[in-house]
Amino acid sequence: MTDTSPHESAHTRAPASQRSRTAEMLEHAKRLGKMIPVTIDGNPIEVPLGTSVLEAAQRLGIRIPTLCYHEDLCLAGVCRVCVVQIEGQRTLQAACSYPITAPINVSTHTAKVRRARRHVIDLLLSAHVGECYTCSRNNHCELQDLAAEYGVDAFRFGRRETRRYPIDASSHAVVRDMDKCVLCRRCVRTCIDLQEVGVLEALRRGARTKIGTFMDKPLGSVVCISCGQCINRCPTGALRANDPTDDVWDAIDDPDKHVVIQTAPSPRAAIGECFGLEPGNAITFKLNSALRRCGFDRVFDTNFAADLTIMEEGVELLLRLKRALVDRDSTAALPQLTSCSPGWVKFLEHFYPEYIPNLSTAKSPQQMFGALLKTYYTDLNGLDPRNVVTVALMPCSAKKFECNRPEMCASGFKDVDYGLTTRELGKMIREAGVDPLKLPKSDFDDPFGTATGSGVIFGTTGGVMEAALRTVLELVTGLKVEKFFDHADIVPVRGFEGVRHVEIPVTQVGPVPPLVAHLFNNWKWLKGATLKVGVAHGTANAKKVMEDVKAGGQFSQCHFIEFMACPGGCLGGGGQPTPTSPAIRAARAKAIYAEDRSYTIRKSHENPAILKVYDEFLTDGPCGHRSHKLLHTTYTPRGKYIE
Amino acid sequence: MIVSTRTGSLTFAEVAPGKGMDVALARTPADVLRWIDASGLRGRGGAGFPTSLKWELAAKSPGALKYVICNADEGEPGTFKDRVILADFADLVFEGMTIAAYCIAARQGIVYLRAEYTYLRPHLEAVLARRREAHLLGKGIAGRAGFDFDIEIHMGSGSYVCGEETALIESLEGQRGEPRNRPPFPIDTGYLGNPTTVNNVETFAWAACILARGADWFKEYGTAKSTGHKLFSVSGDCQRPGVYEFPLGITIEAFLQEVGGEDAKAVQVGGAAGQCVPRGEFHRALAYEDIPTGGSIIVFGPQRDMLRVAANFLEFFIDESCGQCTPCREGTIKLLEGVKMLQRGQCSMDYLEELCSLGETMQLASKCGLGQTAPNTFLSIVSHFRDEILGRTAAWSPE
């Protein structure tokens, strides 16, 4: 029984009952192009063979309610909310997972169907500890919405008021409240199929079924990478981020504390969704005003630190290339892997710890900023770092884990005190009675005020690579990157394809710029070289690339690979507003690229604030002694061992 | 245990092992399929799907790797006839699997053996070893170059739902035993994504007999839609529990006479997933077109409390539901709560009606056969034993 079919080619570990196999079959069938006539509620339509009943109904504008279905995930067909009647069939069928292979006549709201859906919703409510007032998902809960849609006016089968499970708050990132779980298994499919981490699974069976971890260990002690993708796809309040807003308010309310916040580009492109804006509208400068109204003493742009990251990471890459190509040093550890996505870093520490030497030692922008705020910034302003509280607005739940890493105290203090998600800041702004959409715009505070477009695009997959390439190419060639790419848009590294491989020839080299003159004599050794880079987003894709690296495939020949833990990059982060879908993420990406275009300075090494920091504070330059102490870090091989 | 038929011994004891396979291998696979088709053999696990059609679909499904799986996860409460077949007639079962492999061009067979039957494994392995030695398994079976087929045994782990064919396949693949979405069906996307036929132990044994004795011989017994003999496992309030062989179509009345259960007030046909037939319907027949069964017959004597019967089966489903789909996982809990309310005399007629409606939803909307049949017993007891179950008081005691 060692034979396996091509279906099993290790691209997912999800069991078939939860896997996209049906979806794959549908995809295959769709390519055949055969059109099947079907009738839904009396409306005729022709759909490609293999289309699901749900999809066909959507094309006709007929709404079928769903719960366990999610656009990003494989089909489970377990909640049974979407059942429909297909003529000639004894039982009702789940519209989400029923592929159309022959002409059928579907009814979506017969008495039987309505009764069944109502029963299913009643049953879900009977098993759910519905503390709606105190729930993080109050007013944007899919279970609430379903109950409203189906006019649930009583708990027909009772309701659960006593808790069965303790709340698991062991993780810095994700809090699990399994009494609110409706067992739709979106989190399971997110973890095992979308992200290929596989921390969550259904345990036990029948009435005792619950979603849990290996041996039901706390989430903080298993191989969870803190990406929070499960939170984004949970329909109820069963999964939420570990929320520090009370502590942040306490700091703001304390007159002795100087509270500063840095905002990352992705939450700025998405937080409007918390206030009713359509996805794809960034409110960066209105948000600055809202944050000041909330009581933050200073508002800084994480993009400054993103530019700094590019300087450090880009120079680190050039140093590794020199070691490999000039010094013939076999320990140069290429390809260099990006390190700004803390979920990805934890993924590598768990699953590929042998590649830790390849991880860039540069900290993420959040952490670089924190270290500078409690050193450079406090020096400049005569502040005691003990009284400075650094908050970071991030699209990310793993950033909460990252700022609590013991490695992240280079300033002598906790570099970043609190990581807030987009959702949490939205809540704080509402609590302060502020409508950010109605506020005037205002700028970021100095001394880090000026940002570049390169920092902005960190928020989307391929963005770090594009920013790094803009800087590296200009440093090495001495020419404007616009000479090689129109408007400095390095289009080949953009897009939502899961894995990308790009080659960029270095046809000519220029003089070594003064900023790095202490590190390099000339660039002759790079002339005629081809820079090979890769991009992957979502850890399932990261796994593909790492397996390829291990096997000596094309990615093992790369010099630099960008990894983002979340699908779409930071804009699809686990701290972003719900819901999420490919269309929502694409809209956010569009907003981010538009913001990049709007900056006059679009390259990190041209950012005057960056040049000033190297001039005044990090005087031994990028990858120099001081920057190593403050801006670089070490990693922890974790492996898969569970205590 | 009584193992009996009207003629005194089981048909399986009379059919010489090896004959069926000789006959099959002398014909083309298509001929063998026609032969099975002519016999009218339907799945002996209870669902009654035509065996020849299942094999034909698997045969036509494209794929170089195909599998024949013997469902020996006999877990239906009150069923124990496969145990007898495996203990006494394993050769016939393996012969049937080999014939199926010949029909669909499978190279690998798997017996998915119920965890509780671990004690049968050494015996089955010995039979397999003997068949390999005799070139009835392995490469070039019976001297036919290119006909390679072997059988291995895979132990179940104690889950009832793994008797459902797609859950069984999940379990075989090393996953949690949970039913898959259907379509696709195992005949095109089964074990490891390959075309797979999953049949009951008894089905394979009958297939071997049909080849040995002919389709006409098989069809002589039973009804037009339910041909042949079938094994039944009889337990409960009767004088002679045991394994019986009867032609399909036998009425419950006649059946009860044979087993000494004439005074029964109800009979549970088909195990927990079956239905509870009251005395007034004992004229009905055990056949696919009337009351289908995988063979489990549980007799309830006059003294049985039918609410206890309902509670017992519901407790079973609450434990054995895989927990995937809402109607089955939560619905069984609500039905049991309802039974307990009835026991205390605290269930209003309105709520009872609501529960029956919920039961219908479970039958219609559950993902797999387990959930779809879980409310059957509750519904039949509520509809047939109204006088007995209504109007109880908290002080009422069944004894």
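Tabulated results
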quantity: Pairwise FRET efficiency - residue A:110 versus residue A:438, Cβ, R0 = 30 Å, nearest 0.05; calculated: 0.05
quantity: R0 of 56 Å, Cβ-Cβ distance residue A:46-residue A:638: FRET efficiency to nearest 0.05; calculated: 0.60
quantity: Most mobile listed residue (B:252, B:210, B:141) in chain B, GNM with C-alpha springs under 10 Å; calculated: B:141
quantity: Within chain A, percent of DSSP bridges classed antiparallel, to nearest 5; calculated: 50 percent
quantity: Helix-only CD estimate at 222 nm, as mean residue ellipticity for chain B, using -39500 (n - 2.57) per DSSP H run (n ≥ 4); calculated: -12500 deg cm²/dmol
quantity: Angstrom value of the Kirkwood radius, inverse mean 1/r, which spans all Cα pairs in chain B; calculated: 21.8 Å
quantity: Whichever aspartates and glutamates have a C-alpha closer than 20 Å to that of residue A:527, once near sequence neighbours (fewer than 8 apart) are set aside; calculated: A:316, A:327, A:329, A:474, A:482, A:503
quantity: Convex hull of the protein assembly as shown built on C-alpha atoms - directionally averaged projected area, nm²; calculated: 46.4 nm²
quantity: Nearest-ten-degree value, helix B:90-104 long axis tilted from longest Cα axis of chain B; calculated: 70 degrees
quantity: Cα-based shape type of region B:11-219, given that a ≥ b ≥ c are square roots of the gyration tensor eigenvalues and the cut on a/c is 1.5; calculated: rounded
quantity: Exposure proxy ranking, count of Cβ atoms within 10 Å, fewest first, for B:54, B:219; calculated: B:219, B:54
quantity: Fraction of antiparallel bridges per DSSP, chain B only, in percent to nearest 5; calculated: 40 percent
quantity: Rounded to the nearest 20 debye, dipole of the protein assembly as shown from Cβ charges on Lys, Arg, Asp, Glu; calculated: 980 debye
quantity: Theoretical gain in end-to-end length, residue A:524 to residue A:557 [0.36 nm per residue, Cα-Cα removed]; calculated: 9.8 nm
quantity: Full-stretch length increase - residue A:203, residue A:323 - with 0.36 nm per residue and alpha-carbon distance subtracted; calculated: 38.2 nm
quantity: Overall Cα dimensions of region B:241-399 - principal axes, largest extent first, Å; calculated: 41, 38, 23
quantity: Ranking of A:115, B:180, A:328 by count of other Cβ atoms within 10 Å, fewest first; calculated: A:328, A:115, B:180
quantity: Magnitude of the charge dipole, chain B, Cβ model with Lys/Arg +1 and Asp/Glu -1, debye to 20; calculated: 740 debye
quantity: Residues A:486, B:237, sorted so that the one with the fewest Cβ neighbours within 10 Å comes first; calculated: A:486, B:237
quantity: Number of partner chain Cβ atoms within 10 Å, mean per residue of B:163-176; calculated: 2
quantity: D (Stokes-Einstein, µm²/s), Kirkwood Cα radius, region A:369-505, 1.567 mPa s at 4 °C; calculated: 71 µm²/s
quantity: Dipole axis of chain A (+1 Lys, Arg; -1 Asp, Glu on Cβ), positive-most option in A:566, A:477, A:263; calculated: A:566
quantity: Spatial extent of region B:229-300: Rg and Dmax, with the Cα atoms as the point set, Å; calculated: 10.3, 28
quantity: Magnitude of the charge dipole, region A:157-253, Cβ model with Lys/Arg +1 and Asp/Glu -1, debye to 20; calculated: 860 debye
quantity: Helix B:121-133 vs. chain B, principal-axis angle (Cα, 0 to 90°, nearest 10); calculated: 20 degrees
quantity: Computed E for residue A:246/residue B:319 - FRET, C-beta separation, R0 45 angstrom, nearest 0.05; calculated: 0.60
quantity: Debye intensity ratio I(q)/I(0), log10, region B:148-266, q values 0.11, 0.12, 0.15 Å⁻¹ (C-alpha model); calculated: -0.59, -0.69, -0.94
quantity: Lys/Arg +1, Asp/Glu -1 at C-beta; chain B dipole; positive extreme among B:192, B:108, B:379; calculated: B:108
quantity: Geometric extent, Cα atoms of region A:563-624 - Rg, Dmax (angstrom); calculated: 16.6, 46
quantity: Region B:306-389: translational diffusion in µm²/s, Stokes-Einstein, Kirkwood Rh over Cα pairs, 20 °C, 1.002 mPa s; calculated: 173 µm²/s
quantity: Label-to-label distance, nm, for residues given as residue A:629 and residue B:130 (7 Å Cα→Cβ offset); calculated: 8.4 nm
quantity: Among B:287, B:64, B:311, residue whose mean-square fluctuation peaks in a GNM of chain B (springs only between Cα atoms under 10 Å); calculated: B:64
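All of the numbers you see were taken from the coordinates with simple rules; none came from a lab. Computed from a prediction, not measured in an experiment: that's the story for all the values here. Methodologically, a virtual Cβ is constructed for each residue, glycine included, from the backbone with ideal geometry; neighbour enumeration extends over all protein chains shown.
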